[in-house]
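S.K.: Submitted below is the structure of interest, expressed as structure tokens.
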Amino acid sequence: EKDIPVANFIMHEIHCSRNIEVCRYCSELIAKSEMKNHIESEHVQVTCKCRMKIEKCLLKDHEASACPLRPAVCQYCDIQLTFNKLQDHEIYCGARTERCGGCGHNVMVKDLKEHPRVCG
């Protein structure tokens, strides 16, 4: 996968065919002596806290962006909860009211950002 000078190409090709393998899972070039370790450390199936089975090398991305149990923060009260509970919480939390210091009306938390435009 790299440019090799013509004078060294045959030796390089022999070296690679003897010592390098392409991983059948991720297509990375891995030293033959390290292939078993690579597969066991990167491609073994693990179980996420959400009970989904996934390759170990994909777990961090899953936990950060797809796991329903990943941490999420409410936009209204900044409390941290799991992503799968965020929507229901924000519906409830945004429907709470707070008294406006300017006009004295009770305003839903979800409307507080827009309220100053109509408050006067």
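The values are calculated or read from the model by the stated rules, or taken from the named source; none is laboratory data. Please read these numbers as outputs of a predicted model, since none were measured by experiment. In this analysis, Cβ positions are derived from the backbone assuming ideal geometry, glycine residues included, and neighbour counts consider all displayed protein chains. Areas reflect the complete protein model, heavy atoms only, side chains present, ligands, DNA and RNA absent. Shrake-Rupley method; radii C 1.70, N 1.55, O 1.52, S 1.80 Å.
S.K.: What number goes with the only condition from (1) more than 30 Å from residue 107 (Cβ to Cβ); (2) modelled with pLDDT of 90 or more; (3) among the aliphatic types (A, V, I, L, M) that residue 73 does not pass?
M.R.: For residue 73, the exception is condition (1).
S.K.: Residue 90: touching a residue at least 12 places away in the same chain (Cβ under 8 Å), assigned to a helix (DSSP H, G or I) and out of contact with any strand residue (DSSP E or B) (no Cβ under 6 Å at 6 or more places or on another chain), yes or no?
M.R.: Numbers: touching a residue at least 12 places away in the same chain (Cβ under 8 Å): yes; assigned to a helix (DSSP H, G or I): yes; out of contact with any strand residue (DSSP E or B) (no Cβ under 6 Å at 6 or more places or on another chain): yes.
The answer is yes for residue 90.
S.K.: Would you confirm, using the coordinates I've provided, whether residue 94 is open to solvent by less than 100 Å² (accessible area, probe 1.4 Å), touching an Asp or Glu at 6+ places or on another chain (Cβ under 9 Å) and not polar (S, T, N, Q)?
M.R.: Yes; evaluated as a whole, the condition is true for this residue.
S.K.: Still on this structure, I have one more. Just to be sure I understand, how many residues within the range 10-59 are at pLDDT 95 or above, of a type in the set (Lys, Arg) and either over 20 Å from residue 82 (Cα atoms) or exposed (fewer than 11 other Cβ atoms within 10 Å of the Cβ) (or both)?
M.R.: The number of residues fulfilling the criteria is 2.
S.K.: List every residue pair whose Cβ atoms sit under 7 Å apart, with the two residues 6 or more apart in sequence or on different chains, where the first one lies in the range 1-20 and is farther than 22 Å from residue 33 by Cα and the second, anywhere, is not β-branched (Val, Ile, Thr).
M.R.: Qualifying pairs under 7 Å: 4/12.
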